[in-house]
Amino acid sequence: MKYPPLLVALTMPLFPHFVHAVESVTILDPVIVTASRSSEPESQSLAAVTVIERADIERQQARSVPDVLRGIPGISLSQNGGDGQLTTLFLRGTNSDHTLILIDGVRVGSATAGLTPLENVPLAQVERIEVVRGPRSSLYGSEAIGGVIQIFTKKGGGALTPRFSLGAGTLGSSTVAAGVSGGGERGWFDVGANLERSTGIDACSGRPEPFAGCGVIEPDHDGYRNLGVNLRAGYAFSDAVKFDTHLLRSDNHADYDGSSFAGNVARAEQQTAGASATLKPLELWTLTLTAGQSWDHLRALTTATAPKTVVSAFDTTRDTLALQNDLALTPTQKLSLGVDYLNDQIASSTNYHVTSRDNLGIFSAYQGQFGATELKLSARQDDNQQFGQHATGSAAVGYRFANELQLTLAYGTAFKAPSFNNLYYPNYGNPALNPEQAGSWELGVTGKLPLGEAAAGRWDVRLYQTEIDDLITFDPRTWSAANINRARIRGVEATAAARLGEWDVTTNLTLMNPEDRSVGSNQGKVLARRPEQTAQLALDRQFNRWSVGTTLFIAGRRFDDPANAVRLGSYTLVDLRTEYALSAAWRLQLRLENALNEHYETSAFYHQPARAAYLTLRYAL
């Protein structure tokens, strides 16, 4: 079998029109760091990885990080309204707190809720995103059951380069961003800022009795504002000594439908800062020391009083320190040894019995290539102040045939430490909780599309099964959190990407069975808010100064509750985009979002934006 029938069904209708290109196309192999905690070409990674570059973000004319992540295989999103509203992400069907989020290598997110507000990350300051699907606790520790998403901010380097963008659109949307980068051959720096505003949509039409959704009816526009700043600088003193420092900050204001008790205005601040030093004491030895700190500060206010009153406050400060040694044992074998330290501290208007904890992790990773066979092993031991010792490991082996078809088999274990809410939230927390545990198998096949020398393309198919034990949920018998749930998730992800003539074509399909395996009435039900099918097809083409593109995204039905009593229907989204190059530096972009004006929900009673148009003027040398 030269290529999977599934991918043929997705892409074959496109082939006859475009395989007439007259010159060969070279697709560059991105270098990734997240899958193995060290640099490697994407084609040599045995993990399922998706890389989004800045050029991809601007070509798609994406407006937020969730907008970028929506169509990636294995990812499903649930949004409580429009811009700036709470967005939860499910990677390969695992829970929303089972994905580790990193910004420039620094662990981010709320230690109380266990979530990262991706809706508040300023996309204008993002250079690149790497999504690794599958367990990675053996390298990163807690949270990486479904995988890891790492966001890289703009770095700079080279000649002094200014940039600027100005946009406006439906729902009172406006954006302005500016920055400058440079640094020459050995240095790099970037300074950028952005401001985004929107009057928003009515986020929710809740049901007060019986309670559902937001529980209230407030037919108003829930606006959003995001102010982002990025500062980054570094210098390579020599090939053996490099230093880098970075800071990303966002201040956010979002209205939502709430009450005088729960509030209806959210003010959030997120900040990530860090520094790293890379040394090469020997040609075969690279030593990397990194330190970072992330803040997640949230205030909920009510407009029922004048002036506004703070009804709740939750602050998280996460300090991280890591030391990693990369040893080139031979030209085809590499060993990594490292240690991680994490300290979480919280401050809140809610009284928590414990407000800080630390975690020490020791890890090792081996990468070896033996002819056509690749082997990757990793192991980690974590010592957490709350739950004690926990060990994880993973192994992957790949074999590349003469026709460049590669077969991969992998197994990994992972865990998630209970959040502060799980452990100590009043009238809910349970200090005796154990970590959630998971084991995952994966079988992958990847290769080149049979398009001949005149075109280029690759396909990838992954089959996986993840079993999760000791899932934390509310136990009505004790009125507290307990490790009583189980889940089994089976899925297949198929992707294809090609340059066919003048067209860039990407497509993917995810089929998933996220099954609740807990004892009780919900056994055999579909896990809440995970669609069982998603698919995406994107087409882009350049016409001299003009470029055009479209994205088709399809999501199957999902259920809003564990009992599968509330069904959310399937939906289809079509986005259209075009761009005109006014000059070598100036570009005018137009995007029509949800062109078919589809009405849909990803969370019951919470609305999603209707058809909307956005116009953007960009300047970049």
Handout entry: Per-peptide average of other Cβ atoms within 10 Å, ordering 295-301, 612-618, 416-422 highest first
Key = 416-422, 295-301, 612-618
Completion exercise
The size of the Cβ-based charge dipole (Lys, Arg +1; Asp, Glu -1) of the range 374-517 about the Cα centre, to the nearest 20 debye, is 120
Exercise for the section: On a C-alpha basis, how far is the centre of the range 462-485 from the centre of the range 417-441 in Å? Whole number, if you could? Expected result: 9
Handout entry: Unit charges at the beta carbon, dipole of the range 43-125: most positive-side option, G74, A124, Q61
Key = G74
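Between Q385 and E42, what is the FRET efficiency for a Förster distance of 45 Å, r being their Cβ-Cβ separation, to the nearest 0.05?
It comes to 0.75.
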Exercise for the section: Show which aspartates and glutamates lie in cross-link reach of K525 when reach means a straight Cα distance below 14 angstrom and same-chain residues fewer than eight apart are skipped. Expected result: E515, D516, D560, D561
Handout entry: Percentage relative contact order, the chain, counting C-alpha pairs under 8 Å, at least six apart
Key = 12
Problem - Total charge dipole magnitude, the chain, about the Cα centre, Cβ charges on Lys, Arg, Asp, Glu only, Debye to nearest 20 - result: 540
Completion exercise
Here the relative contact order (percent) of the range 391-465, from C-alpha pairs under 8 Å and at least 6 apart, is 27
Exercise for the section: List the aspartates and glutamates whose Cα lies under 15 Å from the Cα of K155, skipping any in the same chain that are fewer than 8 positions away. Expected result: E53, D104, E127, E185, D190, D244
Handout entry: Y235 accessible area, 1.4 Å probe, all protein chains in place, Å² to nearest 10
Key = 100
Problem - the range 76-123, accessible area per residue, ligands and nucleic acids excluded (1.4 Å, Å²) - result: 19
Exercise for the section: May I ask which residue of F401, A585, S336 lies farthest towards the positive end of the charge dipole of the chain, with charges of +1 (Lys, Arg) and -1 (Asp, Glu) on Cβ and the Cα centre as origin? Expected result: F401
Handout entry: Sorted peptide list for 541-552, 457-468, 79-90, criterion being average Cβ within 10 angstrom, highest first
Key = 79-90, 457-468, 541-552
Practice task
Show that you can apply the helix-only estimate: for the chain, add -39,500 (n - 2.57) for every DSSP H stretch of four or more residues, divide by all residues, and state [θ] at 222 nm to the nearest 500.
Solution key: -1000 deg cm²/dmol
Exercise for the section: Heavy atoms only, probe 1.4 Å: what % of the accessible area of the chain goes to carbon and sulfur, would you let me know? Expected result: 59
Practice task
Please give the solvent-accessible surface of L409 in Å², to the nearest 10, using a probe radius of 1.4 Å with every protein chain present.
Solution key: 90
Handout entry: Whole-angstrom gap from the range 362-396 to the range 552-569, using each part's C-alpha centre
Key = 36
Practice task
Enter the mean projected area of the convex hull around the alpha-carbon atoms of the range 401-527, in nm², rounded to one decimal.
Solution key: 10.8
Exercise for the section: May I ask you to work out the translational diffusion coefficient for the range 449-513 at 20 °C, viscosity 1.002 mPa s, via Stokes-Einstein with Rh from the Kirkwood sum over Cα pairs, reported in whole µm²/s? Expected result: 140
Handout entry: Euclidean distance of C-alpha centroids, the range 176-241 and the range 570-621, integer Å
Key = 18
Handout entry: Straight-distance crosslink candidates among aspartates and glutamates, where the alpha carbon sits under 12 Å from K448 and sequence neighbours closer than 8 are dropped
Key = E404, D460
Fill in the blank from the handout: Quick calc, T161 & Q542: beta-carbon distance into FRET formula, R0 22 Å, rounding 0.05, result 0.50
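The values are calculated or read from the model by the stated rules, or taken from the named source; none is laboratory data. Only a predicted model underlies this, so the values are computations on that prediction, with no experimental measurement involved. We place every Cβ from the backbone using ideal geometry, glycine too, and count neighbours over all the protein chains shown. What goes into the accessible areas is simple: the full protein's heavy atoms, side chains included, and nothing from ligands, DNA or RNA. Shrake-Rupley method; radii C 1.70, N 1.55, O 1.52, S 1.80 Å.
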